[in-house]
Amino acid sequence: MKSTGNTILITGGGSGIGEALAQRFHDLGNTVVVAGRRLDALEAACAGRANMHAIALDVESAEGVAAFAAQVRERFPDLNVLVNNAGIMRYERLDRARDLADAEATITTNLLGPIRLIDALVDHLVARGDGVIVNVTSGLAFVPLPGTPTYSATKAAMHSYTQSLREMLRGRVEVIELAPPAVQTDLTPGQRTREGYQPLDAFADEVMALFAREPTPEEVLVERVQGFRKAEAEGTHAQFMDHLTGLSAQMFDQLGM
């Protein structure tokens with residue numbers, strides 16, 4: 001992926017990882033379009049930045065995604081990079097019957113949303129000749145957090161989907177997976193200041209350094225997520241699971257679940 005001269009669409013670009021990466025890509029001289037549910041947050045992310053644009057997007061609607069993609073293609077015909085970053089993370093207990101609304105919303109946003117948007121833009125990106133798709137997954141794609149089972153499952157699914165997509169598009173569209181560790185954002189309550197999580201700026205700086213490599217890695221993995229990615233191969237999966245199970249119990253207690 002080239003560092004500059006791109007037109008980049010980033011979903012979930014109004015906060016957290018999406019906003020941080022959008023602004024850093026913009027600083028390199030790229031045109032950036034940020035998309036998400038909250039137009040006010042998107043516009044705040046774009047404030048004072050020429051060639052950075054905000055468009056509302058509701059990934060829960062198949063029709064809405066198709067209409068959004070048509071609008072983006074019309075307004076930004078030079079679009080060549082799609083970053084699927086939008087996601088939600090909800091704590092869920094699996095040891096009792098429950099309302100499945102959180103699970104269903106998580107699947108729609110984290111899995112169906114990217115699949116729908118890729119489908120709506122893939123022909124355009126292939127025709128560009130320099131197209132790139134970046135799917136943001138998670139270290140939890142490789143070792144799940146039991147307290148966020150549906151989130152972890154959607155990220156594992158996106159990891160698998162990205163591998164298939166990469167092979168299908170090899171030589172036509174570059175396909176990259178970005179798998180963050182636990183980062184200080186507002187993804188879950190209290191996460192922005194949670195001890196032990198990677199500060200957002202430090203994470204974004206490390207990610208941009210990896211994107212600058214030639215060639216760009218197929219998997220963009222900061223140092224803190226390497227243990228998750230290698231857990232199965234290195235025989236440490238059980239230890240990670242024990243730790244994450246304990247963390248889940250702590251979060252259930254804090255949330256009164």
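The values are calculated or read from the model by the stated rules, or taken from the named source; none is laboratory data. Please read these numbers as outputs of a predicted model, since none were measured by experiment. Ideal geometry is used to build each Cβ from the backbone, glycine not excepted, and the neighbour counts take in all protein chains shown.
Of the residues making up the range 58-96, those that are closer than 16 Å to residue 36 by Cα, aliphatic (A, V, I, L, M) and surrounded by 15 or more Cβ atoms within 10 Å (Cβ to Cβ) are 59, 65, 69, 72, 82, 83, 86, 88, 89. Every test in (1) among the hydrophobic types (A, V, I, L, M, F, W, C); (2) touching a Leu at 6+ places or on another chain (Cβ under 8 Å); (3) within 17 Å of residue 159 (Cβ to Cβ); (4) in a helix (DSSP H, G or I) is passed by residue 112 save one, and that test is (2).
Scanning the range 185-204 for residues that are touching a residue at least 40 places away in the same chain (Cβ under 8 Å), closer than 28 Å to residue 161 by Cα and not in a loop (DSSP other than H, G, I, E, B) turns up 200, 203, 204. Just so you know, in the range 33-55 the residues that are in contact with a strand residue (DSSP E or B) (Cβ under 7 Å, 6 or more places away or on another chain) and small (Gly, Ala, Ser) include one that is surrounded by the most Cβ atoms within 10 Å (Cβ to Cβ), and it is 35. Scanning the range 57-98 for residues that are without any contact (Cβ under 8 Å) to a residue 40 or more places away in the chain and within 23 Å of residue 247 (Cα to Cα) turns up 95, 96, 97, 98. For the structure I just gave you, tell me whether residue 8 is closer than 17 Å to residue 220 by Cβ and either at pLDDT 95 or above or not in a helix (DSSP H, G or I) (or both). Answer is yes for this residue. Just give me the residues in the range 155-183 being out of contact with any strand residue (DSSP E or B) (no Cβ under 6 Å at 6 or more places or on another chain) and more than 24 Å from residue 206 (Cβ to Cβ), in sequence order. If the condition is that a residue be out of contact with any strand residue (DSSP E or B) (no Cβ under 6 Å at 6 or more places or on another chain) and more than 24 Å from residue 206 (Cβ to Cβ), then 157, 160, 161, 164, 167, 168, 170, 171, 172 are the ones that fit. Looking only at the range 79-102, decide whether some residue is part of a helix (DSSP H, G or I) and at pLDDT 95 or above. Yes, some residue in the range 79-102 is part of a helix (DSSP H, G or I) and at pLDDT 95 or above. Considered as a group, the residues in the range 1-24 that are surrounded by fewer than 24 Cβ atoms within 10 Å (Cβ to Cβ) and free of Cβ contacts under 8 Å to residues at least 40 places away in the same chain include one that is nearest to residue 129 (Cα to Cα), and that residue is 5. When the range 154-195 is filtered for residues that are within 22 Å of residue 121 (Cβ to Cβ), within 16 Å of the chain's Cα centre (by Cα) and among the charged types (D, E, K, R), the ones remaining, listed by number, are 155, 177. Does the range 165-173 contain at least one residue that is touching a Ser or Thr at 6+ places or on another chain (Cβ under 8 Å) and touching a residue at least 40 places away in the same chain (Cβ under 8 Å)? Within the range 165-173, none of the residues are touching a Ser or Thr at 6+ places or on another chain (Cβ under 8 Å) and touching a residue at least 40 places away in the same chain (Cβ under 8 Å). Total residues in the range 115-143 satisfying the condition of being in a helix (DSSP H, G or I), under 30 Å from residue 238 (Cα atoms) and in contact with a Ser or Thr (Cβ under 9 Å, 6 or more places away or on another chain): the figure is 2.
The single condition among (1) within 19 Å of residue 42 (Cβ to Cβ); (2) of a type in the set (S, T, N, Q); (3) free of Cβ contacts under 8 Å to residues at least 60 places away in the same chain that residue 106 does not meet is (1).
For the range 222-239, the condition of being in contact (Cβ under 8 Å) with a residue 24 or more places away in the chain, out of contact with any Cys (no Cβ under 9 Å at 6 or more places or on another chain), small (Gly, Ala, Ser) and within 28 Å of residue 14 (Cβ to Cβ) holds for none of the residues. It is to be established whether one or more residues within the range 144-153 are part of a helix (DSSP H, G or I) and more than 16 Å from the chain's Cα centre (by Cα). Within the range 144-153, one or more residues are part of a helix (DSSP H, G or I) and more than 16 Å from the chain's Cα centre (by Cα).
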